[in-house]
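Single-structure report; data block below.
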Amino acid sequence: QVQLVELGGGLVQSGGSLRLSCVASGNRNSIPILAWYRQVPGKERELVANIDTVGMMNYADSVKGRFTISRDDAKNTLYLQMNSLKPGDTAVYYCKASLRSGSFWGQGTQVTVSS
């Protein structure tokens, strides 16, 4: 069982920056794939970015060039640096860990971007 705790959400003005962190616990080895998702009320949860253990990254088109995903396996932590934030980035952001034994989610952290 892997536990995930997201940190770093909050309120920011349009054009501003935030960095989210996701601290994992309960895993014996490096987690194969870590990802950030986001969800707004009434819509499906969508992938923002993911990263594997060798540093291969994928981004949603809507965040390319503005967001950067990274991981520090020594600290068991996943990050999402979000720059040039827009009101459309407002959502609850979730961390997801994908292992052979299954997938695990954090509880989410709210990000609100004001115009």
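Numbers for the structure displayed
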{"item": "Boolean, Y94 is among the aromatic types (F, W, Y), assigned to a strand (DSSP E or B) and out of contact with any Ser or Thr (no Cβ under 6 Å at 6 or more places or on another chain)", "result": "yes"}
{"item": "Test: residue in the stretch 96-111 that is of a type outside the set (S, T, N, Q), on the phi < 0 side of the Ramachandran plot and in contact with a helix residue (DSSP H, G or I) (Cβ under 7 Å, 6 or more places away or on another chain)", "result": "yes"}
{"item": "Given (1) in contact with a helix residue (DSSP H, G or I) (Cβ under 9 Å, 6 or more places away or on another chain); (2) of a type in the set (A, V, I, L, M, F, W, C); (3) farther than 27 Å from S14 by Cβ, number of the condition A74 does not satisfy", "result": "(1)"}
{"item": "Among the residues listed as V5, V113, the single one being under 12 Å from the mean Cα position of the chain (by Cα) and not hydroxyl-bearing (S, T, Y)", "result": "V5"}
{"item": "Residues of the stretch 58-84 classified as surrounded by 13 or more Cβ atoms within 10 Å (Cβ to Cβ) and not in a loop (DSSP other than H, G, I, E, B), total", "result": "13"}
{"item": "Pair list, Cβ < 6 Å and 6+ apart or interchain, from the stretch 89-102 residues that are within 18 Å of V12 (Cα to Cα) to residues that are assigned to a strand (DSSP E or B) and among the aliphatic types (A, V, I, L, M)", "result": "D89/V113; T90/V113; Y93/L20; Y93/V111"}
{"item": "Residues of the stretch 85-115 that turn out to be surrounded by fewer than 19 Cβ atoms within 10 Å (Cβ to Cβ), basic (K, R) and touching a strand residue (DSSP E or B) at 6+ places or on another chain (Cβ under 7 Å), as a count", "result": "1"}
{"item": "In the stretch 7-31, the residues that are part of a loop (DSSP other than H, G, I, E, B) and either open to solvent by less than 40 Å² (accessible area, probe 1.4 Å) or at pLDDT 95 or above (or both)", "result": "G8, G9, S14, G15, G16, S17, N27, I31"}
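The values are calculated or read from the model by the stated rules, or taken from the named source; none is laboratory data. Everything numeric here is computed off the predicted structure, so don't read it as measured data. Note: ideal-geometry Cβ built from the backbone for every residue, glycine included; neighbour counts use all protein chains shown. Note: areas computed on protein heavy atoms with side chains; ligands, DNA, RNA excluded. Shrake-Rupley method; radii C 1.70, N 1.55, O 1.52, S 1.80 Å.
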